[in-house]
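The values are calculated or read from the model by the stated rules, or taken from the named source; none is laboratory data. All values derive from a computational prediction rather than experimental measurement. Glycine gets a Cβ as well: all are built from the backbone with ideal geometry, and neighbour counts include every protein chain shown.
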């Protein structure tokens with residue numbers, strides 16, 4: 001009884017621990033993002049690679065000054081990525097007719113990979129569309145960086161004890177506090193290459209631009225569906241998105257959607273394994289028991305057979321002994337009778353002899 | 001019953017001492033200068049050899065614990081009983097070292113309990129790994145404790161713990177199934193970064209199934225290594241059963257590898273990735289799958305059929321190398337395969353040295369324990385008490 005209770009408890013604990021809220025993630029519900037979520041539309045055909053957005057971001061987020069000033073456009077010759085001191089960078093690519101530019105920063109996924117893989121829930125998808133990070137709980141495992149399909153989160157590798165993951169917040173805090181009404185990069189763009197607004201509206205705007213400027217854009221809004229959709233959206237010229245160094249093979253499934261299947265199996269293992277393994281154990285135990293009993297029975301039968309045989313032999317021996325005895329008695333009696341008869345005959349003979357002797361004598 | 005009668009300045013001890021000293025220097029550097037100084041990790045390559053080897057290989061190669069104990073206690077193969085204690089000890093040390101090594105890799109090791117006690121991120125497969133490893137280390141510690149308690153002469157407690165064997169074994173298999181597979185499932189989140197020949201929705205199954213031959217092979221491999229130095233510690237039962245264990249485990253590993261080979265093929269077939277086999281990556285995949293999965297499966301079969309112990313021992317080593325190769329491929333070689341060569345990761349010397357340091361710590365603790373506690377022999381007071 002005690003063992004059974006313990007096993008039950010273990011099973012229950014396992015299920016509670018592993019099930020948690022995963023059932024929701026694996027459920028059939030679809031999440032189309034927060035209705036009023038905001039985002040930014042980047043129009044590559046308007047970007048001139050001036051790096052003003054980088055400077056604006058740096059200032060608003062109080063990031064350390066870069067080794068080379070933002071006015072130095074020679075930096076663009078080498079492809080860069082975001083790092084722990086830089087939330088956004090502009091890269092230059094070679095198009096069919098002149099240079100192309102693309103700004104990189106966190107895309108603020110509608111169902112963020114970083115948030116779904118974080119084992120301490122350090123990332124939050126906010127109703128305003130931004131994805132923010134809480135350094136107060138972060139363990140520094142860097143799974144968010146592994147999982148991010150856009151290679152955005154960066155890590156303070158040179159901080160030995162309190163490293164943080166650094167990335168664009170869509171200026172969530174500053175906008176919440178009312179310090180600014182749009183992200184730092186958007187405010188600083190002199191060419192209106194960046195537009196801040198409700199994501200739904202941005203998609204409308206992008207479609208409108210395509211309609212009004214036939215032949216100027218490739219007919220795709222990058223981020224509308226990529227990785228389940230992002231709040232940062234991109235428009236590109238006719239060179240397309242791959243010319244801007246953007247991957248077009250990411251698919252439309254978000255990371256939570258991709259990993260929902262494997263996660264759904266987890267509670268099943270906890271649910272079924274104890275029964276399965278316990279069953280195997282019980283079967284083996286029973287097999288052993290049956291074998292033991294069969295052995296016992298066989299021994300018993302063998303013993304019984306031996307005993308019966310012995311008894312039969314004994315009986316036979318007794319019988320023959322009895323027979324011998326009777327025969328011996330009979331033999332003795334017979335011999336005694338014979339002896340007696342012989343004695344009688346002898347006596348008779350002796351009598352006759354005496355009578356004969358008497359007759360001769362008269 | 002100790003081997004410490006001789007001088008401590010044996011070649012093995014000297015090498016151990018040097019490695020431990022180097023490890024301590026790297027430890028100081030890691031916690032004063034940061035990961036940037038010690039490792040070659042960067043913003044695109046956040047996980048290196050400390051995850052690829054210390055975590056992934058460490059856990060896979062410690063699978064001998066649950067495979068051996070379930071064979072003996074659940075599947076009724078009592079003839080492997082003498083192999084259980086060494087296997088549980090190695091598993092316990094393996095997992096303890098995994099946790100130890102993680103303290104170097106994560107940025108804030110003092111927060112490693114946060115996901116379990118403060119703010120669990122239940123949608124994360126890493127949370128599952130963390131929880132299961134945490135629980136399993138505890139289970140292994142309890143499973144191992146009878147050996148320590150017998151050594152310490154704490155009879156009553158030992159007998160109480162011993163009664164938990166069945167429950168602990170089942171719980172251990174549940175936890176092992178979960179985290180062995182979850183380690184593979186970690187990479188399900190990165191279809192865009194892991195090469196299609198290694199990426200699969202079946203990554204969880206692949207990691208779990210491959211952990212079985214990994215565990216069985218490690219038991220054979222270690223048994224071989226331990227046999228000479230600790231021959232005098234082994235009792236008659238252990239020595240008598242030794243060959244049976246090797247033959248039986250070789251059969252098991254052969255079948256498990258064959259199954260793993262099939263899952264490998266299904267994984268490629270599922271996404272119809274056959275055309276990649278014609279590329280350089282395909283050649284590398286074939287090396288792994290033919291040379292380190294199919295070949296050892298065949299060699300194990302031949303070895304157990306012909307009772308060729310020597311062949312089996314070499315095959316065990318081949319299998320262990322193959323599992324390490326697979327975990328390296330998933331976590332490092334085929335990860336970020338699309339990045340240009342100059343942005344790819346290769347471990348720094350200090351990273352490699354620290355991994356060697358971690359293994360050395362494990363071997364040293366192992367040597368300490370088997371020289372003292374009843375691992376290779378049954379304690380005279382507890383003979384037939386199982």
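Does residue B:296 qualify as being at negative phi, assigned to a loop (DSSP other than H, G, I, E, B) and either touching a residue at least 60 places away in the same chain (Cβ under 8 Å) or surrounded by fewer than 20 Cβ atoms within 10 Å (Cβ to Cβ) (or both)? No, not satisfied. Pairing each residue of segment A:187-203 that is within 17 Å of residue A:100 (Cβ to Cβ) with any residue that is at pLDDT below 95 and exposed (fewer than 15 other Cβ atoms within 10 Å of the Cβ), provided the two are 6+ apart or on different chains, yields C-beta distances under 9 Å for A:191/A:48; A:193/A:48.
Quick one: would you say residue B:376 is touching a residue at least 24 places away in the same chain (Cβ under 8 Å), touching a strand residue (DSSP E or B) at 6+ places or on another chain (Cβ under 6 Å) and buried (at least 22 other Cβ atoms within 10 Å of the Cβ)? Against the criterion (touching a residue at least 24 places away in the same chain (Cβ under 8 Å), touching a strand residue (DSSP E or B) at 6+ places or on another chain (Cβ under 6 Å) and buried (at least 22 other Cβ atoms within 10 Å of the Cβ)), residue B:376 does not qualify.
Quick check on my filter: what residues within segment A:95-128 are touching a residue at least 12 places away in the same chain (Cβ under 8 Å), away from every other protein chain (no Cβ under 14 Å) and in a strand (DSSP E or B)? Within segment A:95-128, A:95, A:99, A:100, A:101, A:102, A:103 qualify. Of the residues that sit in segment A:185-242 and are assigned to a loop (DSSP other than H, G, I, E, B) and in contact with a helix residue (DSSP H, G or I) (Cβ under 7 Å, 6 or more places away or on another chain), which one is nearest to residue A:106 (Cα to Cα)? Among them, the one singled out is A:231. Checked against the criterion of being more than 13 Å from every other protein chain (Cβ to nearest Cβ), under 23 Å from the mean Cα position of the chain (by Cα) and over 26 Å from residue B:144 (Cβ atoms), the candidates B:59, B:25, B:49 yield just one match: B:49. Restricting segment B:184-211 to residues that are closer than 29 Å to residue B:81 by Cβ and crowded, with 24+ Cβ neighbours inside 10 Å leaves a set whose member that is farthest from the other protein chains (Cβ to nearest Cβ) is B:210. When each of B:58, B:34 is tested for being modelled with pLDDT of 90 or more and buried (at least 24 other Cβ atoms within 10 Å of the Cβ), the lone residue that passes is B:58. Could you pull out the residue among A:272, A:314 that is part of a helix (DSSP H, G or I), at pLDDT 90 or above, within 30 Å of residue A:117 (Cβ to Cβ) and out of contact with any helix residue (DSSP H, G or I) (no Cβ under 7 Å at 6 or more places or on another chain)? Result: A:272 is the single residue among A:272, A:314 that is part of a helix (DSSP H, G or I), at pLDDT 90 or above, within 30 Å of residue A:117 (Cβ to Cβ) and out of contact with any helix residue (DSSP H, G or I) (no Cβ under 7 Å at 6 or more places or on another chain). If you go through segment A:243-263 and keep only what is part of a helix (DSSP H, G or I), within 11 Å of chain B (Cβ to nearest Cβ) and touching a residue at least 40 places away in the same chain (Cβ under 8 Å), you end up with A:255, A:256, A:257, A:259, A:260, A:261, A:263.
Here residue B:305 clears all of (1) modelled with pLDDT of 95 or more; (2) more than 25 Å from residue B:345 (Cα to Cα) except the condition numbered (1). Under the condition of being at positive phi and at the interface with chain B (Cβ under 9 Å from one of its Cβ atoms), which residue from segment A:129-178 is surrounded by the fewest Cβ atoms within 10 Å (Cβ to Cβ)? The selected residue is A:151. For residue B:40, state whether it is surrounded by fewer than 23 Cβ atoms within 10 Å (Cβ to Cβ) and more than 8 Å from chain A (Cβ to nearest Cβ). When the stated conditions are applied, residue B:40 passes them.
Evaluation of residue B:26 against the conditions (1) closer than 16 Å to residue B:353 by Cα; (2) buried (at least 24 other Cβ atoms within 10 Å of the Cβ) shows that the sole unmet condition is (2).
Could you please find all residues in segment B:101-132 being part of a helix (DSSP H, G or I) and within 7 Å of chain A (Cβ to nearest Cβ)? Within segment B:101-132, B:111, B:114, B:115, B:118, B:125, B:126, B:127, B:128, B:130, B:131 qualify.
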